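Inspection log for the structure reproduced underneath, given as structure tokens.
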Amino acid sequence: MKDILTFRLYTRVARLGSFSAAARESGLAQSQVSRMVAELEASLGVRLLSRTTRAVLPTEAGLEFLARMEPILAAIEDAENSVRETGELRGVLRVGMPSTLAIRVVIPRLSTFTERHPSLQVELLLDDKRQDMVREAVDVGIRVGPLPDSGGTARLIGKMHRVIVASPTYLARCGTPQRPEDLVSHRIVRGPAGMAVTSWQFERDGESTSIDVQPNVSTNDTEGALAAAVGGLGITSTTSWACRREFDRGALTQLLPEWKMADLPVHAYFPLGRATRMAARTFVDFIAAELDAGA
């Protein structure tokens, strides 16, 4: 039976797609990592990795072994972390989240967490599109908006206020809407949060209204939508967290502030459910506290 280090090295080579990257991460020589993985394959009597000059990819058997081995290694890591008197976490924590949420909300607040757990390596996978968290071995995903049906578990950790904004230059050129109905005559920038949305809903003093919006510019990236609004291309809907920087420097102005839009829930999603690692749960506790403090 191979030791735990060999199994850990195999999972990292498989996930990183590189012997050299796994070697750098573990502080070992590339030749040593390659030899240990080759010995693992020989002892199992099956090829786990397909090696070419361009990439290292898991074979079908390698993917099956990876899927079974990672939860076992995570459980071992949790057992080790649970008995450390310092409470310090170790290992690798993989977190998936939208890029704007990471850049504008999470990363600026992350130093306290990493200083508390200096031996924990945090990997942030940033993408505004939905991620296959199981395939990418994500320990926890942070998601804004409704969650898709899935086999994992989720925890509501906060809410973000939705607003509509435009640049002063656009408003000087096209006028400022006074009621939601005025939006139909304006140019609209649609970001990723509104890709599946054909209308914007507003509420004030018990009065509700829904406005059909036809985007003139669309983008699958929140930063792109904000840049388009700052550039005077039109009005966009986003969260107050996402555009706080633009508000502070006067690059964007909130419109119809007396009309409330539905808040967007922020969930932590755990693909492995009950098998979620301690590091992921601790990270989510930290982020939830930060969101609550900054709300």
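The values are calculated or read from the model by the stated rules, or taken from the named source; none is laboratory data. Computed from a prediction, not measured in an experiment: that's the story for all the values here. Neighbour counts are summed over all protein chains in view; Cβ atoms, including those assigned to glycine, are modelled from backbone coordinates with ideal geometry. Heads up: the accessible areas ignore ligands, DNA and RNA and are worked out on the full protein's heavy atoms, side chains in. Shrake-Rupley method; radii C 1.70, N 1.55, O 1.52, S 1.80 Å.
Numerical summary
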read-out: Residue satisfying all of: in segment 17-49; in contact (Cβ under 8 Å) with a residue 12 or more places away in the chain and touching a strand residue (DSSP E or B) at 6+ places or on another chain (Cβ under 8 Å); surrounded by the most Cβ atoms within 10 Å (Cβ to Cβ) among these; value: VAL37
read-out: Every residue from segment 52-74 that is of a type in the set (D, E, K, R) and surrounded by 13 or more Cβ atoms within 10 Å (Cβ to Cβ); value: GLU64, GLU70
read-out: Extreme residue, nearest to PRO98 (Cα to Cα), among residues of segment 185-204 that are at pLDDT 90 or above and not in a strand (DSSP E or B); value: ARG187
read-out: In segment 161-184, the residues that are in a helix (DSSP H, G or I) and either in contact (Cβ under 8 Å) with a residue 40 or more places away in the chain or open to solvent by 70 Å² or more (accessible area, probe 1.4 Å) (or both); value: PRO168, THR169, TYR170, LEU171, ALA172, ARG173, PRO180, GLU181, LEU183, VAL184
read-out: Residue identified as open to solvent by less than 70 Å² (accessible area, probe 1.4 Å), part of a helix (DSSP H, G or I) and closer than 15 Å to ILE164 by Cβ among ALA279, ALA228; value: ALA228
read-out: In segment 206-225, the residues that are of a type outside the set (S, T, N, Q), open to solvent by 30 Å² or more (accessible area, probe 1.4 Å) and in contact with a Ser or Thr (Cβ under 6 Å, 6 or more places away or on another chain); value: ASP212, GLU223
read-out: Number of the exception - GLY152 against (1) of a type outside the set (Phe, Trp, Tyr); (2) open to solvent by 50 Å² or more (accessible area, probe 1.4 Å); (3) modelled with pLDDT under 85; (4) over 15 Å from the mean Cα position of the chain (by Cα); value: (2)
read-out: Residues that are small (Gly, Ala, Ser) and under 26 Å from the mean Cα position of the chain (by Cα), drawn from segment 167-210; value: GLY191, ALA193, GLY194, ALA196, SER199
read-out: Qualifying residue in segment 11-32 (condition: modelled with pLDDT of 90 or more and of a type in the set (D, E, K, R)); value: no
